[in-house]
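Notes follow once the structure below has been shown.
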Amino acid sequence: MMNPRNYGAVSGILFLLVALAHMYRVAAGIPVQVDGVMIPMWVSWIGTIVPAVLAFWGFRVARKK
């Protein structure tokens, strides 16, 4: 059974990985195309910030006693 601390740690790690992937796309300038539509870089900025905040909250939950 997963307790809230473990859930916070696991979700924090997963959200951090998503944020890092988007950050890598921005830093490397990797173009993304979905069904013939180019996805602009600003989408990855949002995809970096939102999961980073969620990861921070997850890690805060994991640290609580």
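The values are calculated or read from the model by the stated rules, or taken from the named source; none is laboratory data. None of the values given here were measured: they were computed from a predicted structure. Cβ sites come from the backbone with ideal geometry, for glycine too, and all protein chains shown count toward neighbours. All accessible areas refer to the heavy atoms of the entire protein, side chains included, with ligands and DNA or RNA removed. Shrake-Rupley method; radii C 1.70, N 1.55, O 1.52, S 1.80 Å.
Values computed for the structure shown
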| quantity | calculated |
| --- | --- |
| Residue count for the range 8-31, restricted to those that are in a loop (DSSP other than H, G, I, E, B) and either within 13 Å of Val50 (Cα to Cα) or open to solvent by less than 60 Å² (accessible area, probe 1.4 Å) (or both) | 1 |
| Hits in the range 40-65 - residues which are over 17 Å from the mean Cα position of the chain (by Cα) and either in a loop (DSSP other than H, G, I, E, B) or at pLDDT 95 or above (or both) | Pro40, Lys64, Lys65 |
| Enumeration of residues in the range 32-45 that are open to solvent by 70 Å² or more (accessible area, probe 1.4 Å) and touching a helix residue (DSSP H, G or I) at 6+ places or on another chain (Cβ under 8 Å) | Trp45 |
